[in-house]
Amino acid sequence: MHSDPIHAGGFGTSDEFWGQRALFLRNDHGLDQGGGTTALSFGRPSAIPEAPARKGFADRLRARYPDFELVPDLGSRIGTLQWYRGAATCIGLCAVTLFMAPGLENPIYGYVPPALEGSEWEAARAQSITPLGKGAGTGYRMAATALVQPLAETPERPVIDLTATLSSGNGLLSALRRSGVGATDASFAAELIGNAIDLDSLASGTTLDLRLGRRMDKSQPRPLERLAFRARFDLSVEVVRSGAGLALKQVPIAVDHTPLRIRGKVGPSLYRSARALGAPAKAVEAFIRSIASEMPVSRLGADAEFDMIVEQARAETGEVQMGDLLYAGVTQGSRKVQLVRWEDGGRTEWLDTRGRRETRGTFDRPANGRLSSGYGMRRHPLLGYRRMHKGLDIAAPTGTPIRAPADGTVTFAGRNGGYGNFMRVRHSNGLSTGYGHVSRFAVRSGARVRQGQVIAYVGSTGVSTGPHLHWEVYRNGQAINPNSVSFSNIRQLSGGELSEFRSKLNRLMAVPVSVPVREEADAAGED
C-alpha cells in the first residue's frame with residue numbers, strides 16, 4: 001500500500017497538519033506559542049480584532065503630512081526648504097510683536113498720589129512706625145495735638161529700688177558709690193556696717209538691696225533710704241533712714257546645726273546610692289577616699305550598708321549649707337569599718353572608734369629631684385676611693401623643700417662633720433631617717449613633725465660637690481636601703497585628746513538618720 005507522507009509525519013489527516021501549522025503562524029500576529037488559556041485550539045478561528053479608535057483633525061493632518069513642523073528647529077537641517085520656512089515664521093512673529101508694541105518714545109504713565117498735608121499728614125504720621133521707634137511698646141501712639149504743652153523738665157520717680165553685687169568685702173563703699181549713693185551717705189553707711197562686722201568677711205557676690213529716695217535738686221545725688229544684705233549665714237544687716245538719720249539694724253537668723261546622717265545600701269553604685277538619698281557630691285567623694293584607705297571600695301557588695309554623717313547648717317529662712325564629712329562607716333557581713341574625722345593642729349586625719357590610725361606603706365622621697373647616686377659601694381667623687389654609700393643622693397636646686405616621709409620626732413638638728421647641716425628624725429617601729437648637706441632647718445631638735453611637713457631645705461654644706469640631699473634610713477640604728485623600707489605607722493590618741501574624741505564619737509552616733517529628700521517632699525505633700 002502507498003503510505004501518505006503526511007501520515008508518516010505523525011498527523012492523522014491533512015486538516016490536522018494545516019491546523020498545527022496555523023497554530024505557529026498565529027504567533028506572527030502576537031498570539032502565544034504555548035498552551036494555557038491564551039492558546040487557541042486546533043481548527044478554531046482567530047479572535048475578532050477591535051475596531052480602531054476614531055482620529056481627530058490634528059491626527060489626520062499629522063498622518064497626511066508626517067514631515068511638516070509648525071516650529072522647526074533652526075539649529076538643524078540648515079539650508080533646506082523647511083529651515084527657510086521656519087526662519088520666515090520667526091521673522092514674522094518678531095514683526096508682529098514690534099508692530100503691537102507702544103514704542104520706546106511713548107512711555108506708559110502711572111498715577112502718583114499727591115503728598116499729604118495738614119490734618120491728613122498728622123493722622124498718617126500717628127499710624128506710622130515712628131511712634132514705635134520713640135519708645136512705644138505695643139499699639140500706636142497718637143500724635144500730639146495743640147492741647148499738649150512741653151514740660152520744662154523731666155519728672156523724676158520719687159523712689160528707686162535697685163540691687164548691686166559686691167566684688168569683695170572691701171568693695172562695699174565703691175559698690176554704693178557706683179549705685180548712685182552720695183559720698184556722705186555711702187561713707188557713713190560703710191562706717192556703720194564696719195563697726196558691727198568685719199567687712200573682709202563679706203563674701204564676694206553678696207547682693208545689696210538699695211532704695212534711693214527723692215532729691216530736692218537734680219544736681220545732688222539721691223539720699224540713701226534703705227540698705228539691706230545678708231552679712232553672714234546667721235545675720236542680716238539693714239541700714240534704714242529715720243528722723244535722726246541713718247541707723248544700723250542687725251537681724252539675727254536662727255540656724256540649726258544638726259548634722260545630716262544618711263544610711264543605705266550600696267547597691268550597684270555607692271556614689272549613686274548616696275547621691276539618691278540626698279548626700280552632697282563632695283561628701284560622697286570624701287567618704288569613698290576615707291573608706292578606700294581601709295578596704296577596697298570595688299569589693300563592696302550590693303547588700304553592704306554605708307553610713308555617713310555630714311556637717312549641715314539649716315537657717316530659719318530656708319537656706320541650707322553643707323559642710324565636711326564627719327563620719328564614715330561601712331558594714332559588709334561581719335566586717336565593720338568606722339572612721340571619725342579628727343583635726344589636730346590644722347591637720348585632718350581619720351581615726352577609728354578607738355582613736356587610732358594605722359598607716360602602712362613605703363617611704364616617699366622627701367624632696368623632688370633627680371636620683372644622682374644610689375645605695376651601696378661606690379667611688380667617692382671627692383675622696384677618690386671606694387666606700388659604702390649609706391643612703392640616696394637626690395640632686396635638687398638649693399632651697400628645695402625637704403618633707404618628712406612619716407610622722408616622727410626630730411632628735412638632732414645641727415652640724416655633723418662631712419654631712420654639713422644634718423637632721424635626724426625618729427619614727428615608729430625602730431625606724432629613723434637622716435638628712436645631710438641641708439642649707440637650713442625648718443624645725444628644731446625635739447619638735448614633733450607630721451607626714452608631709454617641711455623640715456629643712458636642700459643645700460650643699462659639708463663635703464659636697466653641689467646642691468643635693470643625702471637621705472639615709474636606719475632600722476634599730478643600722479643604715480638600710482631606703483628603697484626597701486616598708487613601715488607601719490600607728491597614731492594613737494591619749495589623755496585629754498582621747499576623752500574629747502570619745503565625746504565627739506558619742507555625739508555623732510546619737511544623730512538620727514535623716515529622711516531622704518524625696519520622702520520628705522512626699523510627706524509635705526500629704527500634709
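Select from segment 190-215 the residues that are over 40 Å from the mean Cα position of the chain (by Cα) and hydrophobic (A, V, I, L, M, F, W, C) and list them in ascending order. If the condition is that a residue be over 40 Å from the mean Cα position of the chain (by Cα) and hydrophobic (A, V, I, L, M, F, W, C), then Leu192 is the only one that fits. Which one of these is hydroxyl-bearing (Ser, Thr, Tyr) and within 28 Å of the chain's Cα centre (by Cα): Ser290, Ser242, Ser236, Ser334? Within the list Ser290, Ser242, Ser236, Ser334, the selection yields Ser290. Within segment 45-60, being surrounded by 10 or more Cβ atoms within 10 Å (Cβ to Cβ) and either modelled with pLDDT under 75 or under 60 Å from the mean Cα position of the chain (by Cα) (or both) holds for Ser46, Ala47, Lys55. Restricting segment 307-353 to residues that are without any contact (Cβ under 8 Å) to a residue 60 or more places away in the chain and basic (Lys, Arg), the residue that is surrounded by the fewest Cβ atoms within 10 Å (Cβ to Cβ) is Arg335.
Scanning segment 139-159 for residues that are farther than 30 Å from Arg211 by Cβ and either modelled with pLDDT under 70 or touching a Leu at 6+ places or on another chain (Cβ under 9 Å) (or both) turns up Gly139, Tyr140, Arg141, Met142, Ala143.
Restricting segment 387-415 to residues that are closer than 21 Å to Asn481 by Cα and small (Gly, Ala, Ser), which is surrounded by the fewest Cβ atoms within 10 Å (Cβ to Cβ)? Ranking the candidates gives Ala395 first. For segment 268-286, the condition holds for at least one residue, the condition being that it is in contact (Cβ under 8 Å) with a residue 60 or more places away in the chain, touching a helix residue (DSSP H, G or I) at 6+ places or on another chain (Cβ under 7 Å) and assigned by TED's automatic domain parsing to the domain that holds Val340. Here is a check on your reading of the model: is Asp352 at pLDDT below 80 and more than 30 Å from His470 (Cα to Cα)? No. Restricting to segment 402-415, and then to whatever is closer than 23 Å to Glu349 by Cα and not in a loop (DSSP other than H, G, I, E, B), can you tell me which residue is nearest to the chain's Cα centre (by Cα)? Applying the filter and picking the extreme gives Arg403. The number of residues in segment 319-378 that are of a type in the set (Asp, Glu) and part of a loop (DSSP other than H, G, I, E, B) comes to 3. Does any residue of segment 273-284 turn out to be exposed (fewer than 12 other Cβ atoms within 10 Å of the Cβ), within 26 Å of Glu358 (Cα to Cα) and of a type in the set (A, V, I, L, M, F, W, C)? Checking segment 273-284: not a single residue is exposed (fewer than 12 other Cβ atoms within 10 Å of the Cβ), within 26 Å of Glu358 (Cα to Cα) and of a type in the set (A, V, I, L, M, F, W, C). When each of Ser298, Ser290 is tested for being farther than 23 Å from His257 by Cβ and part of a helix (DSSP H, G or I), the lone residue that passes is Ser298. Summed over segment 204-242, the residues that are acidic (Asp, Glu), in contact (Cβ under 8 Å) with a residue 40 or more places away in the chain and surrounded by fewer than 17 Cβ atoms within 10 Å (Cβ to Cβ) give a count of 2. Any chance segment 480-492 includes a residue that's assigned to a loop (DSSP other than H, G, I, E, B) and within 43 Å of the chain's Cα centre (by Cα)? Within segment 480-492, one or more residues are assigned to a loop (DSSP other than H, G, I, E, B) and within 43 Å of the chain's Cα centre (by Cα). Comparison of Gly171, Gly205 shows that the only residue that is assigned by TED's automatic domain parsing to the domain that holds Ser242, within 15 Å of Ala231 (Cα to Cα), of a type outside the set (Asp, Glu) and outside any helix (DSSP H, G or I) is Gly205.
Would you call Leu382 touching a helix residue (DSSP H, G or I) at 6+ places or on another chain (Cβ under 6 Å), at pLDDT below 90 and closer than 30 Å to Val463 by Cα?
It is false that Leu382 is touching a helix residue (DSSP H, G or I) at 6+ places or on another chain (Cβ under 6 Å), at pLDDT below 90 and closer than 30 Å to Val463 by Cα.
The values are calculated or read from the model by the stated rules, or taken from the named source; none is laboratory data. None of the values given here were measured: they were computed from a predicted structure. We place every Cβ from the backbone using ideal geometry, glycine too, and count neighbours over all the protein chains shown.
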